[in-house]
Every structure is written in structure tokens, then in C-alpha cells.
Amino acid sequence: MIYYGSMYYSIRYSFLSVHRLSLRLDIPIREVITISNICPLKCIHGQCRYFLNSDKYFCQWLDGYSGMLCKVNNTCDCSSDSICIGVVKNRSICICPHKKFGQRCYLKSAVCILNPCLNRGRCIVGDKKFSETEYYCLCPEGFMDSICKKKQSRIELIFAETISISQSSLIHLFYISSIPRPSTQLYLANPTRATLISKIKYYEHSTFTYYRGIFHLIFVEFNEHRYLAFLQQNSTPATKISVTIIPEHHCISIPELFDDHIQALLRWHRAKYYHVPDIDRHANCFKFDYKSVYNYLGSNYCENDGQLYQDNDTCPTLSSCFCKKCYYGSRCQITTKGFGLSLNDILGYSI
């Protein structure tokens, strides 16, 4: 268990019998060094730290101690498979595993004994004080919904041997909704975009991924080149797609298609020529900012200049880091830069 930090909120009306606080907690994405060398407190068996949202100090206990100055010796009575984080008024503060609950984590929930989740889903007991749901299902890759019954769309990409591929590729999926207007015309709203990261093993020319939403278009990006991989008129959920990426699928950029004269025109004047390279002389345009930058609470979740991508622009449920060369890990925190060939370098695609 990693300690990220502590916050301090005072109770204004202490004479009331019941207290309710409405707070917004911004949990840091990485550990914050809050150890202070100028602390006014003398922590006997612990470390002096300051709160993230206040200039106040406190003593963080070591195992087996509690109290304001960490000098009270105590013994936790939590269950053996739980985590004891301290003692307050001779009562242990226990963090229970997902199948247990209670003050000391000795009680077992009957909800998850039979495991109502399907397809090897993991049952998580809900908190009755805050949720109407008795349990949640943590679904494995390829399945979704409340009990992991529905299948996700499986997208398989096969790359032609004539295409030079990289170890990782970006998969951009677009869902374009048409909203009818009173004038019987269609107004094309901004498409819903999802970006997934797929890793390709050494000496292989194929990869696959799963996606829970619906989509019309799939673009694959690697080595700063983009390919149109898939196009469908009607989006169908839980589909199984296998696409072979060939050089003809390459999306040619505007500087390669038009001369300097057309490129120098204003955007709306230049757009009048977009239909010319098409075989049917038809241009179908939509917003696709492939250089868009995602952030997590105003900061980059990824380390070492990694790029953050999310599965939805407005309400993301999955975030992934696209790492630069020689960096690996879920947040690009592992590097082989400056070293010779290592095991991390060999297995980097799967880290």
C-alpha cells in the first residue's frame, strides 16, 4: 500500500450530534513528499508530515504505535488478511480485503460466495452505506455489463509485411451521430472519439484489442502515419472484426496532396479542393485532432513525456500511456535508456 498524502478538514459546529461534510477530494496521481524537517512536533515513533491542503502538521505512526506524538504502544486486532493503519481510542482502524467487512474485517459477505459474475468476473462487495448495489462485477477483458454477460467488440489488426510497424500503435475509434433538424437536413455533431493503445510483439505482424462502445470508423496510427482500417455505415455493438492494413489504406496528408498555391489559401477556400483527390469527387469531413492532448486533473498522468489517451473525451473509463522509445510500464516509469539489452527491453511490449 502506497501512502499518497493526508488532508485536514475541521468540523465547525462540534456541538451537533451528527456531522456531514460535503467535500471534493483531489487525490494526487503520485506520492507527494510531505515529510518536514522544520516540524514543531516531536514524533517519537513516526514521521512528521504536513497536510496537503493546510499548513498544519501531524505525526504519521510507525507500525505498533499511535497517539498525537506516536508514543503510545498498541497492538492491532484486525484480521490477518487486512491492513491495520492505526489505533484511535483503543479501536483499530482496519482496511478490509474485498470479500470481508466489519470493524475488524472478520465478517464475510454472503453476496459474493456464489459469485454472481459470469465469464470469470470478479465479485466486489458494495458498501451498503453509500450504494444501493450489493455487489459489483469486475469484468475480464472482452466482457462487460453488470454481471459480465455481454461481449465487447474484438478488433484484430493484421499488418502487411511491406509496412514498417512499431512496437505500439494507437487505435482511434469514431462514432458519428446524426441529429435530425426540423428542415429535414442532418446536422453532423462532433464525433465521439476513443483512443486505445495496442502493443505488438516482436516478430509478429498482428494485434488485437477489445472495445465496449459502438463506432463507425477505425484509424490506426504508428510512426506518425495514419491508416483507415475500418468503415461501416451502421454501428453494431459486440462485433468481431479482422482487418488487414495495407499501404493503400495510408491517409495522405494535405501537403502531399496539394501544391503550395492551394496550401496557402484560407481554410475555407482550401476546403473547396478537398474532393478533388477522391475517386468519386466527394469529400466527407469531420473533426479529427490527432494531436489533442489529454490530461488528468490538469497534469500529465504519464511519466517521462508519455502521452495520455482515454477511451472517451467526456466521460473516460480507461486511460493508457503511450510511451516513447526505451520507456515502458503502465505510466512509462520504467526505462532501459543508457543500459545494454535487458529483460525489460526484451519484454517491454508486455510490461
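The values are calculated or read from the model by the stated rules, or taken from the named source; none is laboratory data. As the structure is a prediction and not an experimental result, all values here were calculated from the model. Cβ placement follows ideal geometry from the backbone for every residue including glycine, while neighbour counts extend to all protein chains displayed.
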Point to revise | Selection within the range 1-17 - surrounded by 10 or more Cβ atoms within 10 Å (Cβ to Cβ) and of a type in the set (Ser, Thr, Tyr) | key: TYR3, TYR4, SER6, TYR8, TYR9
Study note, to complete from the structure: Filtering the range 286-341 for residues that are modelled with pLDDT of 75 or more, hydrophobic (A, V, I, L, M, F, W, C) and under 21 Å from GLU224 (Cα atoms) leaves a count of 9
Study note, to complete from the structure: ARG267: passes all of (1) touching a residue at least 12 places away in the same chain (Cβ under 8 Å); (2) more than 29 Å from SER164 (Cβ to Cβ) but (1)
Check your understanding: If you take the residues in the range 235-264 that are touching a residue at least 40 places away in the same chain (Cβ under 8 Å) and closer than 16 Å to SER153 by Cβ, which one is surrounded by the fewest Cβ atoms within 10 Å (Cβ to Cβ)?
Key -> LYS240
Study note, to complete from the structure: In the range 126-167, residues that are touching a helix residue (DSSP H, G or I) at 6+ places or on another chain (Cβ under 8 Å) and at pLDDT 85 or above total 3
Study note, to complete from the structure: Scanning the range 270-284 for residues that are free of Cβ contacts under 8 Å to residues at least 12 places away in the same chain and basic (Lys, Arg), the one surrounded by the most Cβ atoms within 10 Å (Cβ to Cβ) turns out to be LYS272
Point to revise | Condition check for GLN232: polar (S, T, N, Q), assigned by TED's automatic domain parsing to the domain that holds SER198 and surrounded by 13 or more Cβ atoms within 10 Å (Cβ to Cβ) | key: yes
Review point. If you check CYS105, CYS76, which single one turns out to be at pLDDT 90 or above and outside any strand (DSSP E or B)?
Key: CYS105
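Per-residue answers, yes or no, for (1) closer than 30 Å to HIS250 by Cα; (2) β-branched (Val, Ile, Thr); (3) assigned to a loop (DSSP other than H, G, I, E, B):
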| site | (1), (2), (3) |
| --- | --- |
| VAL111 | no, yes, yes |
| CYS123 | no, no, no |
| GLU141 | yes, no, yes |
| ILE147 | no, yes, yes |
| LEU157 | yes, no, no |
| ILE163 | yes, yes, yes |
| SER166 | yes, no, yes |
| SER169 | yes, no, no |
Exercise for review: Tally the residues that are assigned to a loop (DSSP other than H, G, I, E, B) and within 27 Å of the chain's Cα centre (by Cα), restricting the search to the range 233-247.
Suggested key: 5
